[in-house]
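Visitor: Questions regarding the structure given below will be posed in turn.
Only the coordinates and a few stated rules stand behind these numbers; no lab work does. Keep in mind that this is a model prediction, so the values were computed, not measured. Cβ: placed from backbone, ideal geometry, glycine included. Neighbour counts: every protein chain shown.
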Amino acid sequence: MTWMSLNSRTKLLLWGLQLLILLVGLSYLWLFKPFAIVADINQIFTVEQSEDVRLVNDKVEQQQLRQHVMLVGHKKRSNAIKYAEQAALALSDINGIEVNIHFGALPELQSVVKDYLPYKYAFLSEKYKHLLQNKTAGAVFNYQFSLLNEMGSPWVAATLPSDPNLGLADFFNQQNVPSMKLKNYQGYLIAQGEIKNGSSDDAIYYVLINFVSANTGLDLNIAKDIATKVNDIKKQSSEEKSGVNYFVTGAAFFTADASMTAQNEMTVFGSISIIATLLLIVVIYRSALSVFCTLFVISISMLYGYSALRLFFTEVNILTLVFAVTLIGIAADYSFHALSELRFSKVDRFNPLRSIRASLLLGFITTTVGYLILVFTPLVLFKQIAVFTMAGLLGALLTVLLVYPSIASFIVKKPSAIPHFVIQLNNWQQVILKKRLNYWWQSCFLVIAIAALSMINNVDDPRTFYKSSASLVTQQQKISEILNAQWDSPYILVAGDSSQQTLERSEQLAEDLKQLQQNNAFTKYSSISQWLPSIAMQKKSQALMLQAENDGLFNQLKTLLELPYTRNNPKLTQLDFPTWQKSQIAHLFTDQWVEINSRYYSIIKLQGINDPKMLERTLNNYKDVVFVDKVLAVSEQVGLFRHHLILIYGLALGAAMLVFWLRYGLLNAFIAVSRPAIAMVIALVISAWFFDSLSVFNYVAGILILALGLDYCVFYAEHGLCEKITLTTLISALSSLFVFAILIFSSTPAVSQFGFTVFIGVVMVFIMAPRLTLVSKRNI
Amino acid sequence: MLNKLALVLLFFLSTQAAANDFTRFKVAQGKGQFSQAKHFTFLKRAIKSQGNFVIHDQHVYWHTLSPVRSEMLLLPNGIYRRLEPKKAYEILTQDKQINSLLAKLLSGDINESDWSITASNDEHCYNLIPKLEDVAALFTNVNLCALDESQRSIVLTDQQNNKTEIMMVFTSKELTKNDMDVVKLTH
C-alpha cells in the first residue's frame, strides 16, 4: 500500500501530525534560538576576507553602525545649545543608547605644538628632507624664507621660537587637522557654518550631539525608537517658529527608513496580491470554500517558509520578506491545480487528486530544483529567498495532497462548466500551436537574443540595488560638509606585529600613495603615520638635521633671524607610540588604530576615490597591506555570481531535461526545457531595453521563470491542451502576475527589476508552454 | 508723525550705509607692487619682502621678488605656492574660509557678515575682527587703510601678537592676457 492509496481521513491525520511537529519545532526555535530581522541592506552581501581583515572590518563596521550624529543649528549660539540640550534629554529616554553632548577639550594649536616640541628635529616633511639631502644652502634658505613669509599658516609663529629652522612648522603645514571645524565652547562641540540669506551669508552655530547604541551592531527596534524620537524632536521645534534646524545621520535612520519602506511595501503588495488572487478565484470557481482553501494553503506555506528561515538563519534581511511575497503566487498554483481538477473533472471519490498527483509532484520537483540551486549562491539574500520558497512550496504541496481529498466532497457536487472565455482562449492556443515558428527560426531568434544579451551593460554595484531616502542622504552630506569629515567608506588597512612595524609599513606606502593621488586615483588620505613617523624615521630626520647644521645649511636663515651659529650635539629623543596616544592630536585618530590578538592595525582613510581598482592593484604589491572596499568586493562577487548564474541556468535546465527525458524521451525533453529558456531570454532582453542595463536581480528572476515555466510545461505535457489545463495555467499565470507585476512598483530598484523580468517571463512562458501538448500522449 | 519716523529711519540707514561703505576698497581687477614686513614678537628685526601682485575676480597672484623669489596663488579653492617658475604649484591650504577671506581682504571685498567692523580714528582706516572662529585663530585683528586712490595698507595681527604689515600700490586696473593667465592655476 503506497501512501497515496491511503484514505482521506488518514491523509488528514498525517497532515495534522506533521503540522503539529512543525509547530512544536517552531515553538522550540522561538524560545531558544535567537532570530532577528535586519534592515541593513549591506549585510545581504558577505565578502570573503582573511580572518584578521574580517575581524578588523567587523570592528570598523560595528563602530560605524553604532555611531550617530545630530547637529542642532541656530543663528544664536545660546539657542543652539538650548535646543541641543533639549534634544539630548529627549534622546536619553531611549533604552540601549548612550547620548553625549558634553565633551573634553579639543586639541588647540598651542597644545598640539607642545606635544611635539620635546622631540627636536624628529619631524620633517618629505620636501624638507629632500632639500637637506641635496645640501644646497640657497635652496634650503629659499624654502625657509617662503615659510616665514607665508600668509595663512599659524604654525610658523607657534613653533619659530623653539624651532627656528622651521622644520616643525613645515611638518605641521603639511598635515590636515581632522575635525578642526569643531570648537569646544563651555564643554559643547560647536561648528560654525554659513547659510544663504538673500545675497549675503549668515553664520550659523551647530551643536554636536553624539549617540551610540550600547550593544554591538544596531537593533531594529532601537533604530525605530531613535528615528521616531528624532521626528518628535523636529516636530516640537519647527524651523519656521524657532529658527532651529536639525541634521541627523547614522545607521539607525537608514535602517528605520529601509524597514518602514519594506514593511509598507510588504503590507500593500501582499494585500493587493492576495485580494486580486482571491477575486480571481471567486470569478473562476464561484465558491467561497475555494477562496478559503487557497487562503489556507497560502497561510500554511508562509508558516513553513517562516519556520525554515528560523531554523537555518539567525538573521534575516527585510528584503527577503519583500521577495517572500512571491510565494503567494507560486503556492496558490497548487491550490488552483487541485481546485480545477475537483471542480471541472469527473473525480475519483476515493482518491480525488489521483490524476494530477504526478503533475503536482513533478512541478514541485522542477521548481524546487531551480530554487535549490540558489541555496549554493554566495549571496545570503538568495539563500534566504530560496529556503523560504522551497519550504513554503513543500507546505503547500503537502496541504493540497493531504487535506484537499478530505474537503473534496464539499467542493465537488457535480462537475461545473468551464467559463466561456477559457474555452475561447483554449481555441486561440490551438490556433497558435498550428502556426508555430519552425525550429530554424526559433534557433535563429535565440542566437540573436543571446548575442544581444552578451552586449548589454551589466550593473553589479550594490549601491544601485537600493535607494536611500533623499532627505537622509542630503542630511548626511550636510553633516559631512559642516564637520569637514567627508571620508569615503573604503580604506587601506596596514597590519604589523608591533606598533612600530605598522608605522614603518604605512610609511613605505607614502610614495605610492602620492603617485596614486597625482594619478587621480583618490584626492586625499589620512594616516596616523603622517602625524607620527616611526622611530626609525624620526632618527633619520634627526640625523639629517644635525648633518645640515654641521654643513652650515641653516646659516643664511640664522643671519636673517640674528640667531647665534652655535653647534651643539643635543640629546635627541623620539616620540613613541604609547606616548603619542596620550597626545592631544591622537584623540582625533582613535578610530584609525585597532589592536587585535597582539596585532596592530592602522586604518588609512581615503577621500574622493576615483579608481578603486588602481588602488587595489598597487596595494597588492605590499605585504600586510589590504585595500578594504566592500562595495568593490561585493561588485566583483556579484559579477562573478552573474557569470555563475549561466552555469546555474544550465544545471537547472539539465536537471529538468533529465526528468523529462525519463518520462517523454530526449527530443521531447529538449522541446520542454527550451520553452522556459526562450521565455527567459526574451524577458531579459526586454528588461535590458526597459532598464538600460541588467542587474543580478534580473538574472535571478530568470531562475523563477525557468521554475514556473517548467511547471506549466509539465501540466501541458501530462494532460494535453485541454480546457481544464488552459484554465489552471491561466489562473496560475494571472496569480503570479498579480504578485510580480506589483513588485515593479517597489521603491527598491532590485525588487522592481526582479518583478519586471518575472512578469515578462511569465507572460512569455504562458504563451509558449502549450507547445508541450505535442509531447503529451493524450494530445489535443 | 509717520513721515518724521520715516525720515529718522532714512537718515539712520543712510549714515549706516556711509559708515560701512567699502566700495572704494573693492578691486575687481588690478595690478601693482607690494611690500610686506612681518614683525615676530621674539625677533628684533622684521622679515621684509616685496614683489608684484595681480588681482582678478577675487583671485590673487602674489609674486615675491626679493629677498627670494616665490609665487603664491590665493584662489577660492586653496592657497598654492611654488618656488621655481617652471615647477607646478603645491597646495598650502584648502581651508575654504581662510582662503576666501584672505583673497577678499587683498581684493578689498569687505563684507559685514565676515567681520565686526569699527571705524578707526583716522577716517581712512577700519578695524576688522573676524567673525568666524577658524579665521580668528589665524589673525585676531585686521587694520585696513586706504591711503589714497591707489594705495592701501593692511596690518594682520595674530594670536601671539605678531604683526604682518602689507602695503599695496596699484599701478593699473587694466590687465594683459599674461596677467589674466598668472591668476589661474594652470598646472
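Visitor: Which of rounded, prolate, oblate describes the stretch A:364-426, given a ≥ b ≥ c as roots of the alpha-carbon gyration tensor eigenvalues and a/c under 1.5 marking rounded, otherwise prolate only if a/b is larger than b/c?
Guide: Values: a/c = 4.37, a/b = 1.93, b/c = 2.27.
Taking the square roots of the gyration eigenvalues as a ≥ b ≥ c, the stretch A:364-426 is oblate.
Visitor: While we're here: For A:Trp580, A:Trp428, A:Trp440, what ranking results if the residue with the fewest other Cβ atoms within 10 Å of its Cβ goes first? Write out the running numbers ahead of the final one.
Guide: On the way: A:Trp580 19, A:Trp428 12, A:Trp440 8.
Exposure proxy ranking, most exposed first: A:Trp440, A:Trp428, A:Trp580.
Visitor: Step through the table entries A:Lys540/A:Lys571; A:Lys241/A:Lys467; A:Lys127/B:Lys104; B:Lys38/B:Lys173, compare each Cα-Cα distance with 23 Å, and write down the pairs that go over it. It would help to have the intermediate numbers written out before the result.
Guide: Values: A:Lys540/A:Lys571 15 Å; A:Lys241/A:Lys467 32 Å; A:Lys127/B:Lys104 30 Å; B:Lys38/B:Lys173 27 Å.
Where the Cα-Cα span goes over 23 Å, the pairs concerned are A:Lys241/A:Lys467; A:Lys127/B:Lys104; B:Lys38/B:Lys173.
Visitor: Convert each backbone phi in the stretch A:73-90 into a coupling constant with the Karplus relation 6.51 cos²θ - 1.76 cosθ + 1.60 (shift: θ = phi - 60°), then list the ³J(HN,Hα) values in order as whole Hz, x for Gly and Pro.
Guide: Couplings: x, 7, 5, 9, 4, 4, 5, 4, 5, 4, 5, 5, 4, 4, 5, 5, 5, 5 Hz.
Visitor: Quick one: which residues, 5 or more positions from A:Ile97 or on another chain, have an amide H under 5 Å from its amide H? H modelled 1.01 Å from N in the peptide plane, none for Pro or chain starts.
Guide: Those qualifying (amide H under 5 Å, at least 5 residues apart or on another chain) are A:Ala214.
Visitor: I need the calculated FRET efficiency for the pair B:Lys26 and A:Lys59, taking r as the beta carbon distance and R₀ as 56 Å, to the nearest 0.05. List each step's numbers first, then the result.
Guide: Values: r = 54 Å, r/R0 = 0.97.
That gives a FRET efficiency of 0.55.
Visitor: Taking H placed 1.01 Å from N in the peptide plane, check which residues at least 5 places from A:Gly243 or on another chain put their amide H under 5 Å from its amide H.
Guide: none
Visitor: Continuing with the same structure: Below 8 Å, C-alpha to C-alpha, sequence gap of six or more: please give me the relative contact order for chain A in percent.
Guide: Working: 1143 pairs, mean separation 148.7, N = 780.
Normalised by residue count, the contact order of chain A is 19 percent.
Visitor: Quick one: net charge around A:Leu632, please, counting Lys, Arg +1 and Asp, Glu -1 for every other residue with C-beta under 12 Å from its C-beta. Write down the numbers at each step before the final one.
Guide: Working: positive: A:Arg463, A:Lys613, A:Arg617, A:Lys630; negative: A:Asp460, A:Asp461, A:Asp488, A:Asp611, A:Glu616, A:Asp629, A:Glu636.
Charge balance near A:Leu632 sits at -3.
Visitor: Relative to the Cα centre, what is the charge dipole magnitude of the stretch A:595-680, using +1 at the beta carbon of each Lys and Arg, -1 at the beta carbon of each Asp and Glu, and rounding to the nearest 20 debye? Don't jump to the answer; show the numbers that get you there.
Guide: Working: 9 positive and 6 negative charges, 52 e Å.
Value, rounded to 20: 260 debye.
Visitor: Also, quick follow-up: With θ set to phi - 60° and the Karplus curve 6.51 cos²θ - 1.76 cosθ + 1.60, what are the ³J(HN,Hα) couplings of the stretch A:512-519 in order, to the nearest whole Hz, using x for Gly and Pro?
Guide: 5, 5, 4, 4, 5, 5, 5, 7
Visitor: If you don't mind, there's one more thing I want to ask. What full-extension length gain, to one decimal in nm, is calculated for A:Thr314 and A:Asn221 as 0.36 nm per residue of separation minus the Cα-Cα distance? Let's see the in-between values first.
Guide: Details: separation 93, 0.36 × 93 = 33.48 nm, distance 1.64 nm.
Using 0.36 nm per residue and subtracting the Cα-Cα distance, I get 31.8 nm.
Visitor: Treat the count of other C-beta atoms within 10 Å as a stand-in for reagent exposure and order A:Ser299, A:Ser287 from fewest to most.
Guide: Values: A:Ser299 14, A:Ser287 17.
Result, fewest neighbours first: A:Ser299, A:Ser287.
Visitor: Set Lys and Arg Cβ to +1 and Asp and Glu Cβ to -1, take the dipole of the protein assembly as shown about its Cα centre, and tell me which of B:Ile47, A:Val659, A:Pro154 lies farthest positive.
Guide: Result: A:Val659, furthest along the dipole toward the positive end.
Visitor: Next question. Calculate one ³J(HN,Hα) per residue across the stretch A:529-543 by plugging θ = phi - 60° into the Karplus curve 6.51 cos²θ - 1.76 cosθ + 1.60, and present them in order as whole Hz with x for glycine and proline.
Guide: Coupling constants for the stretch A:529-543: 5, 5, 8, 10, x, 5, 4, 4, 5, 4, 5, 5, 5, 5, 4 Hz.
Visitor: My understanding is that a pair violates if its Cα-Cα distance is over 29 Å; which of A:Lys120/A:Lys478; A:Lys114/B:Lys131; A:Lys82/A:Lys229; B:Lys131/B:Lys163; A:Lys558/B:Lys184; A:Lys183/A:Lys514 do that in this structure? Mind dumping the intermediate values first?
Guide: Working: A:Lys120/A:Lys478 41 Å; A:Lys114/B:Lys131 27 Å; A:Lys82/A:Lys229 18 Å; B:Lys131/B:Lys163 19 Å; A:Lys558/B:Lys184 35 Å; A:Lys183/A:Lys514 31 Å.
In this structure, A:Lys120/A:Lys478; A:Lys558/B:Lys184; A:Lys183/A:Lys514 exceed 29 Å between Cα atoms.
Visitor: Calculate the dipole size of the stretch A:639-732 relative to its Cα centre from +1 charges on Lys and Arg beta carbons and -1 charges on Asp and Glu beta carbons; express the result in debye to the nearest 20.
Guide: Details: 4 positive and 4 negative charges, 27 e Å.
The dipole of the stretch A:639-732 has a size of about 140 debye.
Visitor: Ok, one more. Starting from 0.36 nm per residue, how many nanometres of slack lie between A:Asp497 and A:Thr590 once their C-alpha separation is accounted for? Before the final figure, lay out the partial values.
Guide: Working: separation 93, 0.36 × 93 = 33.48 nm, distance 1.89 nm.
My answer for the length gained is 31.6 nm.
Visitor: If a paramagnetic tag sat 7 Å from the Cα of A:Thr573 along the Cα-Cβ line, which residues of the stretch A:500-528 would have the backbone N under 20 Å from that point?
Guide: A:500, by backbone N distance to the label point.
Visitor: Within a 10 angstrom radius of the beta carbon, how do A:Asp551, A:Asp692 rank from fewest other beta carbons to most? Kindly include the intermediate steps, with their values, before the conclusion.
Guide: Working: A:Asp551 13, A:Asp692 10.
Taking fewest neighbouring Cβ atoms as first place, the list is A:Asp692, A:Asp551.
Visitor: Which of the three applies to the protein assembly as shown, rounded, prolate or oblate, going by the alpha-carbon gyration tensor with a ≥ b ≥ c and a/c under 1.5 meaning rounded? Write out the running numbers ahead of the final one.
Guide: Working: a/c = 2.69, a/b = 2.37, b/c = 1.14.
It comes out prolate by the Cα gyration axes.
Visitor: Can you pull the mean other chain C-beta count within 10 Å for peptide A:134-141? If you can, show how the numbers build up before the last one.
Guide: On the way: counts 0, 0, 0, 0, 1, 3, 0, 2.
Mean partner shielding for this stretch: 1.
Visitor: OK, next. Would you give the gap between the C-alpha center of the stretch B:144-187 and the C-alpha center of the stretch A:66-86, rounded to a whole Å?
Guide: Computed from Cα coordinates, the inter-centre distance equals 40 Å.
Visitor: Also: Name the cysteines of the protein assembly as shown that stand alone by the Cβ rule: no other cysteine Cβ under 4.7 angstrom.
Guide: Within the protein assembly as shown, the cysteines lacking a partner Cβ under 4.7 Å are A:Cys293, A:Cys444, A:Cys713, A:Cys722.
Visitor: Additional query: Suppose every K and R has +1 on its Cβ and every D and E has -1 on its Cβ; what is the size of the dipole of chain B about the Cα centre, in Debye to the nearest 20? Display every interim value, and only then the final one.
Guide: On the way: 21 positive and 20 negative charges, 106 e Å.
Value, rounded to 20: 520 debye.
Visitor: In addition: Report, as an integer, the average count of C-beta atoms from other chains found within 10 Å of each Cβ along B:40-46. Intermediate results must be reported in sequence, preceding the final value.
Guide: Values: counts 6, 2, 5, 8, 2, 3, 0.
Mean shielding by partner chains, rounded to a whole number: 4.
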